[in-house]
Amino acid sequence: MKYKDKYIIANWKSNVQTITEAEEIINKGLELGDKVAHYTVSAPFIYPLSAKYSPVIGSQSVSQYEGGSHTGLYTAQQTKNAGATFTLLGHSEERARGMSDADINLSIENALKQDLYVCLCIGERVRETSEIEIKKQIDESLNGLEEELNTNKIMLAYEPVWAIGSGALRPATDSEIIETVNFIKNYIKTQFNLNEETKIICLYGGSVDSTNIENILNLETVDGILIGRASSDLSEWSKVVDTLK
Ligand code: PGA
């Protein structure tokens, strides 16, 4: 694989409706060799897919609660026990449904207690207020988690809301991606007293597909890609994988 030092996380969202389809997509991804793609799958699929592909299976969220009367939510402990190795948190589609940075902060703690790796999504709704929005998300969602950042178990994904999903205005430009990923890394370094060996890893996500993935992976500061729609369609995903081989 050409980009073996970069991370690839496929976020299936509420797509991929059968286990057969899920396995076809994961098997295609395995053609990338041992530095494979990881997948955030819907909750009902975590257990059956982990039985076969545990190291690459993650969830799309975990609850801010550790248990109790919260119908529809699933805990970090359940996620871990079902076989997932990591979780996405703070995705803008979840934020839009009401998940706050304070909730995300609790969810990160719960995930790390269960030894799950975390990919924390941050990104502005409006390009012009990018730095203000991102600072607030970092301050609140990572509040008090300095020690946890030092474990290198939290990575970030910069996902500008205006570039994500079917309503995307356009993909971000190279210079917007470089500028904002560098801003995120530097801001975290100035806000937290991090050990020298702590590395801030930041992926990019938003309208990435087989036509632009290489270009974005070639940006030095970008540590990988969080890829949504293009990862849940076998034909487009196959093109992505073939591009990366
Ligand atoms: P997209 O989504 O690639 O479909 O724009 C990215 C994401 O939501 O993580």
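The set of residues in segment 43-92 being open to solvent by less than 20 Å² (accessible area, probe 1.4 Å), within 16 Å of the ligand (Cβ to nearest atom) and under 21 Å from I26 (Cβ atoms) consists of G58, S59, S61, F86, T87, L88, H91. Looking only at residues in segment 198-207 that are open to solvent by less than 10 Å² (accessible area, probe 1.4 Å) and within 9 Å of the ligand (Cβ to nearest atom), the one that is farthest from the chain's Cα centre (by Cα) is G206.
I need the full set of residues from segment 103-137 which are open to solvent by less than 40 Å² (accessible area, probe 1.4 Å) and among the β-branched types (V, I, T), in order please. I104, I108, V118, I122, I134, listed by residue number.
Inspect segment 150-157 for any residue being within 16 Å of the ligand (Cβ to nearest atom), outside any helix (DSSP H, G or I) and open to solvent by less than 10 Å² (accessible area, probe 1.4 Å) and give the result as yes or no.
yes
Residue by residue, here is whether (1) within 16 Å of the ligand (Cβ to nearest atom); (2) touching a Cys at 6+ places or on another chain (Cβ under 7 Å); (3) assigned to a loop (DSSP other than H, G, I, E, B) holds:
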position	(1), (2), (3)
E94	yes, no, no
M99	yes, no, yes
A111	no, no, no
C119	yes, no, no
S130	no, no, no
E133	no, no, no
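Listed by first and then second residue, the pairs linking a residue in segment 122-135 that is free of Cβ contacts under 8 Å to residues at least 24 places away in the same chain to a residue that is of a type in the set (D, E), with Cβ atoms under 6 Å apart and 6 or more places separating them unless they lie on different chains, are E133/E124. Among the candidates T180, T190, the residue that is closer than 30 Å to G144 by Cα and open to solvent by 40 Å² or more (accessible area, probe 1.4 Å) is uniquely T190.
Number of residues in segment 213-232 that are within 14 Å of the ligand (Cβ to nearest atom) and without any contact (Cβ under 8 Å) to a residue 40 or more places away in the chain equals 2.
Just give me the residues in segment 1-41 being among the hydroxyl-bearing types (S, T, Y) and surrounded by fewer than 16 Cβ atoms within 10 Å (Cβ to Cβ), in sequence order. Correct list: S14, T18, T20.
The condition (being modelled with pLDDT under 95 and either out of contact with any Gly (no Cβ under 7 Å at 6 or more places or on another chain) or among the aromatic types (F, W, Y) (or both)) is satisfied by just one residue among L169, L217, L234: L169.
The residue pairs whose first member lies in segment 193-212 and is basic (K, R), whose second member is part of a loop (DSSP other than H, G, I, E, B), and whose beta carbons are closer than 7 Å, counting only pairs six or more residues apart or on different chains, are K199/N152.
Does N195 satisfy the criteria of being open to solvent by 10 Å² or more (accessible area, probe 1.4 Å), at positive phi and part of a loop (DSSP other than H, G, I, E, B)? Against the criterion (open to solvent by 10 Å² or more (accessible area, probe 1.4 Å), at positive phi and part of a loop (DSSP other than H, G, I, E, B)), N195 does not qualify. Could you figure out which of (1) out of contact with any Phe, Trp or Tyr (no Cβ under 6 Å at 6 or more places or on another chain); (2) within 16 Å of the ligand (Cβ to nearest atom); (3) polar (S, T, N, Q) isn't true of T180? That leaves (1) as the condition not met.
The values are calculated or read from the model by the stated rules, or taken from the named source; none is laboratory data. Quick caveat, the model's predicted, so the values are computed rather than measured. Heads up, the Cβs are rebuilt from the backbone with ideal geometry, glycines too, and the neighbour counts pull from every protein chain shown. Please note that ligands, DNA and RNA were not included when accessible areas were found on the heavy atoms of the full protein model with its side chains. Shrake-Rupley method; radii C 1.70, N 1.55, O 1.52, S 1.80 Å.
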